[in-house]
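First the structure, in the form of structure tokens, and then the observations on it.
The values are calculated or read from the model by the stated rules, or taken from the named source; none is laboratory data. As the structure is a prediction and not an experimental result, all values here were calculated from the model. For neighbour counting, all protein chains shown are included, and Cβ atoms are generated from backbone atoms with ideal geometry for every residue, glycine included.
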Amino acid sequence: MIASHEERLIGAVARLILDPAAPPARHIAVGAASPIPAAACWLVRKLGHKVRLSLLHRPRGNPFTEGSRELFDLAGQGRIDLFFLGGGQIDGQANLNLIGTGDWPGRDARFPGSFGSAFMYFMTPRTILFREEHSPRVLVERVDIVSAPGISPPGVFRRGTAQALVTGRCVFGFDGAGFSLVSLHPGETAAGVRDNTGFDYAGDDAPITPDPTPGELAVLRGPVCDEMRETYPDFCRRVWNAP
Amino acid sequence: METPETLAASIPDGALLALPPDNSLAPCELARALVRRGARGLRLLGVPVSGFATDLLIGAGCVASVQTSAVTLGEAGTAPRFADAVRRGAIAVIDATCPAIHTMLQAAEKGVPFMPLRGVLGSDVLAHRADWKVIDNPFAQGGADGGDPILLLPALSPDVAAFHAVCADADGNVWVGRRRELATLAHAARRAVVTVERMVAGSLLDDERMAAGTISGTYIDAVAVAARGAWPLGLLDEYAADAAHISDYAKAARTDAGFACYLERHVLPSRSQAAE
């Protein structure tokens, strides 16, 4: 079985979720429009790991009876271990910009807005950043607008920050100060990633991102796809030819 | 007998009007009625984000400002009239972040002047909010000099909250199912106006299975029946969103002319209706 690009990204995110060096992920929440992070969570669960998943936009079986307010209260108490965030721009200090480019509030190009990022990024012990587009316009030296800062000064209450950034080209790790290259997806080169990244990072000598195993691919194409179809019908059609 | 048109007439120009997001009982027929009545200067509040109804109202020129944590059409992408209005500087955007909006409403529902919220420090959202304050936590070890900065948010009472519920009874109780965050919105708002799919006999609060998903008529000022009043959005397990329509809207509304056509076709009264 040959893994598709999306399946590789799902596998890479799943390995980060299971990273034994990271704080435990007992309860993971996934926000809107996040098929790859959601699939990675389902893969972890379907592989038999005990994890509670709260998928915010699942039309049926949505775990919340007080909407997103309940999600934020859970996170505030420290009951969510891992969340996923992205950004229209992400910079080398893991600052996220979901608001826009140019002058405030995004007069050049307006993105949707910060959603809950300015809160969630502080409240979970770790965050996996996911942004498929890996280009100098997305991965910038410094974001135009900070929706949510990646680093806070001492004394500011914060449980965690980015664990890693997964893009369509590679996986970067984040150590609380800067990014370092962890692995290159098949077909990518160290020089190509450097050319397409607007911020500086450590390391060029990195292994190839491993493909999901045949067993993992079978789980993705079967039970994971079944769980995803109602929330992400287009994604499941495109990636797995689901009816 | 209230109708979406009478509810729209009761929302004055310039009102601070709170609307739920697209997956939580958004009152689309009421938004269309506001367009038809030619509402102006509305200050919209997304609780905590904004979607189709907000984009429609902005495009129709009904809106002066939007306070929200995001404006999006979900899978259909960018909210085109919002993006265009921001580019032209035609509306004021007051950016928030989702839990801050919930917290400001929770302060209002408790009748207290402010509530604290963790996080947000260092975000440019905070830098652009003169009405949000940071203090040192007075309960920290070492007291207020303990160096534990925390955000305080002012109570926020919308002039009007509007949403589309599944059903209502003659006492004005309305049923929102699991979307109980709307109760906080109704509690916090000065007035709440609600459209529903249908009226039901008896009292929703007499039925133990319905009571938990019911907002008491204490908080509801007016109810009107509007069948399929959330369309083109979905409503709980009553009906799914009309994804094709929303996608067509997202394409049409990219241009002024396309949006004007959309209004003619789907929002403004037809000539025959106008003649009735």
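Key figures for this structure:
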| quantity | calculated |
| --- | --- |
| Residue ranges of strands (runs of 3 or more DSSP E) in region A:133-207 with at least 2 members of a type in the set (V, I, T) and either at pLDDT 95 or above or touching a Pro at 6+ places or on another chain (Cβ under 7 Å) (or both) | A:161-167 |
| Of residues in region A:232-243 being not in a helix (DSSP H, G or I) and not aromatic (F, W, Y), the one modelled with the highest pLDDT | A:N241 |
| Selection status of A:G173, buried (at least 17 other Cβ atoms within 10 Å of the Cβ), without any contact (Cβ under 8 Å) to a residue 24 or more places away in the chain and over 18 Å from A:P35 (Cα atoms) | yes |
| Strands (runs of 3 or more DSSP E) wholly inside region B:46-128 that include at least 2 residues being under 20 Å from A:P105 (Cβ atoms) and polar (S, T, N, Q) | B:63-68 |
| Residue in region B:192-211 that is among the aliphatic types (A, V, I, L, M), in contact with a Pro (Cβ under 6 Å, 6 or more places away or on another chain) and assigned to a strand (DSSP E or B) present | no |
| Tally of residues being buried (at least 17 other Cβ atoms within 10 Å of the Cβ) and in contact with a Ser or Thr (Cβ under 8 Å, 6 or more places away or on another chain) across region A:177-200 | 4 |
| Subset of region A:208-231 (residues that are hydrophobic (A, V, I, L, M, F, W, C), closer than 23 Å to A:G168 by Cβ and assigned to a helix (DSSP H, G or I)) | A:L217, A:V219, A:L220, A:V224, A:C225, A:M228 |
| Failed condition for A:N97, given (1) touching a helix residue (DSSP H, G or I) at 6+ places or on another chain (Cβ under 6 Å); (2) surrounded by 24 or more Cβ atoms within 10 Å (Cβ to Cβ) | (1) |
| Single condition B:V63 does not satisfy, out of (1) of a type outside the set (F, W, Y); (2) buried (at least 24 other Cβ atoms within 10 Å of the Cβ); (3) touching a residue at least 40 places away in the same chain (Cβ under 8 Å) | (3) |
| Within region B:72-127, tally of residues that are facing chain A (nearest Cβ under 8 Å), of a type in the set (K, R) and touching a residue at least 12 places away in the same chain (Cβ under 8 Å) | 1 |
| In region B:146-184, residue farthest from the other protein chains (Cβ to nearest Cβ) [restricted to those that are at pLDDT below 95 and touching a strand residue (DSSP E or B) at 6+ places or on another chain (Cβ under 7 Å)] | B:G146 |
| Residues (among the hydrophobic types (A, V, I, L, M, F, W, C) and touching a Phe, Trp or Tyr at 6+ places or on another chain (Cβ under 9 Å)) located in region B:27-46 | B:C28, B:L30, B:A31 |
| Flag if B:A60 is more than 23 Å from A:S68 (Cβ to Cβ) and more than 14 Å from chain A (Cβ to nearest Cβ) | yes |
| Wholly within region A:1-116, strands (runs of 3 or more DSSP E) carrying at least 3 residues that are at pLDDT below 95 | A:52-55 |
| Residues satisfying the stated conditions in region A:43-74, i.e. touching a residue at least 24 places away in the same chain (Cβ under 8 Å) and in contact with a strand residue (DSSP E or B) (Cβ under 7 Å, 6 or more places away or on another chain) | A:V51, A:R52, A:L53, A:S54, A:L55, A:L56, A:L71 |
| Residues (closer than 22 Å to B:M1 by Cα, assigned to a loop (DSSP other than H, G, I, E, B) and in contact (Cβ under 8 Å) with a residue 60 or more places away in the chain) located in region B:163-191 | B:V176 |
